[in-house]
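Notes to accompany the following structure.
None of the figures in this text is laboratory data; all of them are computed from the coordinates on show. Note that the structure is predicted; figures quoted are calculated from it, not measured. Here the Cβ positions follow ideal geometry from the backbone for every residue, glycine too, while neighbour counts run over all protein chains shown.
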Amino acid sequence: MSAFISDRTTGLAGGSAAVSLGETQVAAEHSADIVIVGAGVTGCAAAVALADGRRRILVLEARNHHKPRFAGELIHPTGAQVLDDLGFLPTLRRHGGIDVSGFAVVPSVDDPSLRLPYREIPNNRPTGFAMEHRDLVDGMREVLRQTPGVEVRMGHKVDEILRDARGRVCGVRCADQRVSARLVLGCDGRHSKVRPLLGLSEQARLLSFSVAFRLPGGAPLLPNPSYGHIVLGAWGPMLLYPIGGRDGAQDARGCFDVSSELSGGPRGAAELLRRQYAPHLPLRLRQAMLDSLDRELPQIAANEAIRTDRAVLPGAAIVGDAGGCSHPLTAAGMTVGFTDAQRLGRLLAEQGRLHDPSAVDAVLHRYEVERYRFVRAREVLADALYEVFRGAEPGTRALRSGILRYWQGSEQARARSMALLSGADSRLSVFLREYLTVISKSSAAAWAARDERRAAFVGLGKKSVEKMRAVFRDVRQEATRSLSA
Ligand SMILES: Cc1cc2nc3c(=O)[nH]c(=O)nc-3n(C[C@H](O)[C@H](O)[C@H](O)COP(=O)(O)OP(=O)(O)OC[C@H]3O[C@@H](n4cnc5c(N)ncnc54)[C@H](O)[C@@H]3O)c2cc1C
């Protein structure tokens, strides 16, 4: 017996099962009810959402130890609610996680910040959550290990998906070990290996890079210490937010959007931030950033937009970033992963048993319909807000003035935008209505921008046509998907 699934206390070590791989019959050394590929934030949430004490869930994680790498840290109220529902929050708070109150936009270094509080969204959790990504993953894995029926195996990279004679997914291969399963979930991130192995296609675009640094004790320096801040004025938006920390620490994070032509690695990035981004920061934050960059080099991560149109096949699904991702400015990635996980848990609970493949596949189909309904609104919003906050052209600069005026003028306007941003509202029709309202407000701003007037008008027209086309394509696709459900 191999040591692959050897933890007998969980009762996961399955007996031998026959799996046919194409023409060849091979022995599946082990079996589980559900195999989850990847123990990042999505894999952990999925395992806990699906665990019912009876199901045997095996989580396979490629890495041996969690390397500190920079990734998502801000979680909207919809995602925080899932973490709460699944019982993660007490552990995460012990690991240094804190509540966040909303977003604040700082239009330029001399302007006051414009607050967009979560509490203005009607009937919604009033706070999101934030913590350092590494601590978040550690905390979630701690909960995972205590969940009955779940086993986590570190250092187990999945290399292949197994299919039965009819082509239905029936397990995975990991080095020379095979595990059969009734359901396989790819939670292996945006560069998913499971996605191409399942034959699910994607469209990927590199947008820019994020350069991230830590500000120890920096949260009180933020204009609004419990808010995520988007500071404008540099080449790309500068995101600054509190991340808490153990023993009541009040640390903050800076995560700045820089061109994909960035060169010179972390040293080059630090120099770029010193020269071109520091002047656009409020004074106290500027000094804190310069001190941080003197102490340690920043981390760099690529910002990509990855779109998928299919997320399931008989016996398998992709979940979280494996199903696509957007620019991190809107901090939507983990909320998508957590809602994906909770949705699968709910749909499978309604269906009851995993033994009937056709019932499982019906659940997967339902999951796909519901997930894209949620995800599409996040994608179009992330795209639109990134363009607006980058403000690279006269049209998008006019839109930026329009949206800031719109938010300043009305609590309802702020609440509607924040509902879309935070996941409380996923209707593409609402996005479109808000977008067109902002376009109409922006026309006045474009008129005021004397030098750029003509270019701004042309740009606005072009942007609104592009956006409407993209949204109508998504609406059509979602309608077709729903009809086939
Ligand atoms: C710069 C940046 C900032 C961001 N900021 C935010 C934010 O503020 N808020 C937010 O919500 N989101 C943010 N995101 C997005 C967020 O980080 C992701 O949505 C989230 O990490 C996705 O989690 P995941 O578990 O799906 O994927 P990952 O975090 O990528 O985890 C995948 C896991 O699968 C494992 N794995 C991969 N391949 C295999 C294999 N073959 N076999 C076994 N295991 C495998 C990996 O080792 C990893 O542990 C940000 C992203 C970036 C890049």
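Counting other Cβ atoms within 10 Å, which GluC sites (Glu not before Pro) in the range 249-296 have at most 10 and lie in a DSSP loop? Here the GluC sites (Glu not before Pro) that fit, given the DSSP loop and packing criteria, are 261.
Inter-part distance, the range 118-177 to the range 326-365, computed on C-alpha centroids, equals 12 Å. Here, P(r) means the percent of Cα pairs in each 10 Å bin from 0 to the largest distance; for the chain it is 4, 20, 29, 25, 15, 6, 1, 0. Counting only DSSP beta bridges whose two residues both lie in the chain, roughly 70 percent are antiparallel. The helix-based estimate of mean residue ellipticity at 222 nm for the chain, built from -39,500 (n - 2.57) per DSSP H run of four or more residues and divided by its residue count, is -13500 deg cm²/dmol to the nearest 500.
Stokes-Einstein at 4 °C, 1.567 mPa s, Kirkwood radius from Cα pairs: D for the range 134-253 in µm² s⁻¹?
Numbers: Rh = 18.6 Å.
Rounded to a whole number, D works out at 70 µm²/s.
Projected over every direction and averaged, the convex hull enclosing the alpha-carbon atoms of the range 281-406 yields 11.6 nm².
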